[in-house]
Amino acid sequence: MRVTLAFRRIAAAVCIAAGSALPAAAQEVKVRIAYVPVIGAASVFVAANAGWGKQAGLDISLVRFDSGPPAISAVASGTLDALAIGISPIAVARAKGLNVRVVAAAATGGSGFVASPALAQNFDAAPRSVAQAFAEFHRRTGRAARLATVPPGGVPYVALNYWLFKLNNVQRGDVQIVTLGIDAIQQAMLSGSVDGATVLEPALTLVRDRNPALKLIVTSNQMFDGIPGVAVAVTGAFAGAHPEAVDKLVGLVERGRRLIRERPLEAAGYLSSVLGGGLVEPEPLARALASPAVRFVTDPAAIEEPSRRLFAYQAELGDFENPPSIEGLFDKAPWLRLSAAR
């Protein structure tokens, strides 16, 4: 089986070193968090930007990465303490020797499959299975449906393949999957150069605002039940040096989740700087937070079994030779202490 470039980069990164956390200055503990700018990390963004960290004695700084493997590289070099990224790079890094463990979930899902009007009409015609919808599109247009998604290893890529071929037995000749960057997928869908795409929130909300004729067919949680979107992990060195800080961080992530659920418009005000480059207004971000495409959850147990299934299917896809083990990957103690204290 092939091993994707992304996972090769992880393997190289973790061979550098297992990073160590910097000592705390005075009574305030510095927490440097690597993140990928997707809505699944929204509870982390809220916790970092709402000023709650200072109140808890944490000096939280966010460091952006465009994907998980470069974030892993930075953690392996010792320059970061925590991660808010996809679960797979974390698991692969741990399997390669990096001392890192998941202490909280952040979200499941995070994307949805959107169809152009030409493709959507085949789903609207009832009764029609998913496989029949794509076969009919092929028969009617004389070509396979062009579907855009992120490169192999990304959650939307896994969800799309699982939905098409594992759940619905779509004939491979009826679809053509093209892989693009997140922004390029949005533009391809709006320009009509593809017939369907897995689009991450908040872009999912934004593209449907710009073109209401685009139809949401299915969400990633429906494509792959409970698929982990973003997880929060810390290095072993940081957890060993600052166990109370880890508990506080998990508590702040849960506080962010509750704000998202109860007052999404207020929560959206803390997201503009990290989602949409400061150019997206709070109102559409609030709608993206309430989207059925994403479920915010903090309890790490919620993504444990879905992670096992995710890794097994990624091995089928060839993302890695053998599924990384989840043994020791999850540290549920901080969440359990938080739950007991409430």
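Since every read-out is calculated from the coordinates, none of them should be taken as a lab result. The shown structure was predicted, so the numbers you read here are calculated from the model rather than taken from an experiment. Here Cβ is always computed from backbone atoms with ideal geometry, including for glycine, and neighbour counts include all displayed protein chains.
Here are some notes:
- Around the amide H of Val170, modelled in the peptide plane, lie the amide H atoms of Phe165, all under 5 Å away and 5 or more residues distant in sequence or on another chain.
- When both bridge partners sit in the chain, DSSP labels roughly 55% of those beta bridges antiparallel.
- The fraction of all Cα pairs in region 111-223 landing in successive 5 Å bins from 0 to the largest distance is 2, 13, 25, 28, 20, 10, 1, given as whole percents.
- Rounded to 10°, Cα long-axis angle of helix 182-191 versus longest principal axis of the chain: 30
- Our summary of shape: the Cα atoms of region 131-182 have principal axis extents of 31, 22, 12 Å, ordered from largest down, in whole angstrom.
- Region 46-62 and region 104-161 have their alpha-carbon centroids 39 Å apart.
- Scoring 320-327, 166-173, 213-220 by mean Cβ neighbours within 10 Å over their residues and listing the highest first yields 213-220, 320-327, 166-173.
- Environment charge at Phe224 (Cβ cut-off 9 Å; Lys +1, Arg +1, Asp -1, Glu -1): +1
- FRET efficiency, 1/(1 + (r/R0)^6) with R0 22 Å, evaluated for Ser193 and Gln121 via beta carbons: 0.75
- Rel. contact order, % - alpha carbon contacts under 8 angstrom, at least six apart, the chain: 27
- Part-to-part distance (alpha-carbon centres) for region 263-342 and region 178-242, which is given in Å: 12
- For Gly229, the residues whose modelled amide H falls within less than 5 Å of its own, excluding neighbours fewer than 5 places apart on the same chain, are Ala107, Thr108, Gly109.
- Just so you know, the Cα atoms of region 176-296 work out to an Rg and Dmax of 17.0, 53 Å.
- Whole-Å semi-axes of the ellipsoid equivalent to the chain (Cα gyration tensor, √5λ, descending): 35, 22, 16
- Charge tally around Ala34: other residues with Cβ under 12 Å, Lys/Arg +1 each, Asp/Glu -1 each, net 0.
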